[in-house]
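Okay, structure first, notes after.
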Amino acid sequence: MSEAERVHAAQGLFAETAQGPRLLGSKCRTCSTPYFPRSESCHNPDCSQSDLEDAAFGPHGKLWSCAIQNYPPPPPVVYDEPFAPYAVGLVDMPEGLRVLGRILTDDPQAVEVGGEVELVIEPLATSGESAQQLVSWQFKPR
Amino acid sequence: MREVAVLGLGMHPWGKFPEKPLNNICRVAVEAALSDADLQWRDVQAVAAASSRFSGGKGWGLNGNDVVEDMGSTGVPVYNLSAGCAAGGNAFNIGCMLVASGCHDVVMVVGGEKMPKGFIQTSGLEDESDPEYLRQRCIGLPGPGFWALLTRRRMAEYGTTEEDLARIAVKAHEVGTHNENARFRQLFSIEDVLKSNMVSYPLRLYEICPVSDGAAAVILCSAEIARKKTTSPVTVAASAVATARFDDGIPRALACPIGSGSAHHSEAAIAVGRALETAAVGPKDIDLVELQDNTVYYELAFPEEWGLCEPGESESLMRAGETLPTGRLPINPSGGFLCFGEATTAQGLFQICEVGWQLRGAAAQRQVPNAKLGLAQSLGLGGNAAAAVLKR
Ligand SMILES: [Zn+2]
């Protein structure tokens, strides 16, 4: 089988940069609020002047919480067939961003609240003969 | 502003009624509320209705117009309120204002809905500009998974156990079994709940509310009219709506600023806080609360976030039976969403009905003894929330 083409699950949300995988967002120069995905304006009601610049977030994070998706969700969710429960997490990043993501692990039960994770850009499903692999940002326990 | 009385309460039972048109379901609730108020349809001077995304309303959320056409087009003004699952609560708020302001003396508030199968897909859009679509496409995190994240965090912070979570569902059915309007009235043991399918660890099927069909209606009127009909009417001590704060730590799309580090539904806390302030009562004065328990987690988190009890105290109160109708802090004596299921836009009004019946002392086996002050709270997509304090 030839190598599957990697297709981003959404455009402009994440990238492999020279420094490694990053989430692509924005940051307000005035109040330092981080945004993911990119934002055109600052939504902080206490901010005096919305002034957004592009910002890249990652790769470090800590699991504020985690859970397991135990049933196969309806489309457009992508997963390996046959379905196996996968872990999801809410990750606090040092840039001040709290972000949802899938957790890349073979052992969802072992994922713990407070655990250190690292941003990766990996396929959401690896099985099947499809010529395309849908890739997304995920967090890998360290 | 004038005092507002809650004169009529009416409900169509919650359930699944594939053969029954939404108009019929709403009509049952409306006629029950009118009869309860001892009023006729032509006495209704204005209608505030919850807009549904799922059923009726001519595809435009014109659910109040459907009701008016069905009952008889009298030319009354109709206000259709859209606020996700808080729409019933928001419509109640507008109904209260219409009476309090002196605009109208008798106002009908109504919400009715028939839900599609399965867990709620919040938007249904397939568009990269839609955050809900992105969340499913890039992560795969349906609603129950989000509740599971909040729950797991609480387990880590406070030592909540899976058995605690199951016990809340057991308690909900212990009271809901006495409610003829509830859909799920069977009793469960802790083992039954723990054996139900894991939906999103740590949450199981019986710990999450399914979708239902149902309708509820409320007649609001001036104190003057209420006095002609009853000697001790239930009145609205406060009604408030709110939207979320930007820094509450709850990611409503893919991410949010960490804020203070905690995560709480600020819209609910703000609405409840405003309602208590307007009613000039403290959280500890509340005799019972009907809160939005889409999942058992909220029965633990909300009372603490609103000051009804101390942070970390919910589990011990629940284990000690204090959240039963006979306890110190009765929560959801109706059986709550767990026993009703969610007919989203009607939820805020079934809560008003339950609180009203409790204050009248008409809740039979699920009665909170000597209830004088009750709180109802609903929460909806878009960071919407509503809260009301009723008194007698
Ligand atoms: Zn700013």
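Restricting attention to the stretch B:357-368, does a residue exist that is of a type in the set (S, T, N, Q) and surrounded by fewer than 22 Cβ atoms within 10 Å (Cβ to Cβ)?
First pass over the stretch B:357-368, keeping only residues of a type in the set (S, T, N, Q): B:358, B:365, B:367.
If we keep only those that are surrounded by fewer than 22 Cβ atoms within 10 Å (Cβ to Cβ) too, we end up with B:365, B:367.
The answer is yes; a qualifying residue exists.
Report every pair of residues separated by at least 6 positions or lying on different chains whose Cβ atoms are under 7 Å apart, first residue within the stretch B:190-206 and touching a residue at least 40 places away in the same chain (Cβ under 8 Å) and more than 12 Å from every other protein chain (Cβ to nearest Cβ), second surrounded by 15 or more Cβ atoms within 10 Å (Cβ to Cβ) and not charged (D, E, K, R).
Once the first residue is touching a residue at least 40 places away in the same chain (Cβ under 8 Å) and more than 12 Å from every other protein chain (Cβ to nearest Cβ) and sits in the stretch B:190-206, its partners that are surrounded by 15 or more Cβ atoms within 10 Å (Cβ to Cβ) and not charged (D, E, K, R) give B:Tyr206/B:Ala169; B:Tyr206/B:Phe188; B:Tyr206/B:Val193; B:Tyr206/B:Ser196.
Please give the number of the condition B:Gln292 fails out of (1) farther than 23 Å from B:Arg360 by Cβ; (2) not in a helix (DSSP H, G or I).
Of the numbered conditions (1) farther than 23 Å from B:Arg360 by Cβ; (2) not in a helix (DSSP H, G or I), the odd one out for B:Gln292 is (1).
Within the stretch A:78-124, how many residues are small (Gly, Ala, Ser) and either surrounded by fewer than 17 Cβ atoms within 10 Å (Cβ to Cβ) or free of Cβ contacts under 8 Å to residues at least 12 places away in the same chain (or both)?
The qualifying residues number 4.
Which of (1) away from the ligand (no atom under 16 Å from the Cβ); (2) within 12 Å of chain B (Cβ to nearest Cβ) is the odd one out, the single condition A:Glu95 does not satisfy?
Single failed check for A:Glu95: (1).
Give the residues of the stretch A:26-85 that are within 16 Å of the ligand (Cβ to nearest atom), closer than 30 Å to A:Pro141 by Cα, of a type in the set (Ser, Thr, Tyr) and assigned to a loop (DSSP other than H, G, I, E, B), sorted by residue number. Break it down stepwise before answering.
Going through the stretch A:26-85, the residues within 16 Å of the ligand (Cβ to nearest atom) turn out to be A:26-36, A:38-55.
If we keep only those that are closer than 30 Å to A:Pro141 by Cα as well, we get A:26-28, A:32-36, A:38-39, A:53-55.
Subsequent filtering for residues that are of a type in the set (Ser, Thr, Tyr) retains A:26, A:32-33, A:35, A:39.
Matches in the stretch A:26-85: A:Ser32, A:Thr33, A:Ser39.
Return the only residue of B:Phe54, B:Phe92 being part of a loop (DSSP other than H, G, I, E, B) and in contact (Cβ under 8 Å) with a residue 60 or more places away in the chain.
Just a single option satisfies the conditions, and that option is B:Phe54.
Got a sec? Which of A:Gly89, A:Gly61 is more than 10 Å from chain B (Cβ to nearest Cβ) and under 21 Å from B:Ser262 (Cβ atoms)? Steps first, answer last, please.
Details: A:Gly89 fails: more than 10 Å from chain B (Cβ to nearest Cβ).
Answer to the check: A:Gly61.
State whether one or more residues within the stretch B:158-168 are touching a Gly at 6+ places or on another chain (Cβ under 7 Å) and more than 14 Å from chain A (Cβ to nearest Cβ). Steps first, please.
Kept after step one, since they are touching a Gly at 6+ places or on another chain (Cβ under 7 Å), are these residues of the stretch B:158-168: B:158.
Next, from what is left, pick out any that are more than 14 Å from chain A (Cβ to nearest Cβ): none.
Within the stretch B:158-168, not a single residue is touching a Gly at 6+ places or on another chain (Cβ under 7 Å) and more than 14 Å from chain A (Cβ to nearest Cβ).
Which one is surrounded by the most Cβ atoms within 10 Å (Cβ to Cβ) among residues in the stretch B:323-342 that are among the hydrophobic types (A, V, I, L, M, F, W, C) and over 10 Å from the mean Cα position of the chain (by Cα)?
B:Phe340
The numbers here are math on the coordinates, done by the rules we state, and not lab data. Predicted model only: the values in this text are computed from it and were never measured. As a convention, Cβ positions derive from the backbone with ideal geometry for all residues, glycine included, and neighbour counts pool all protein chains shown.
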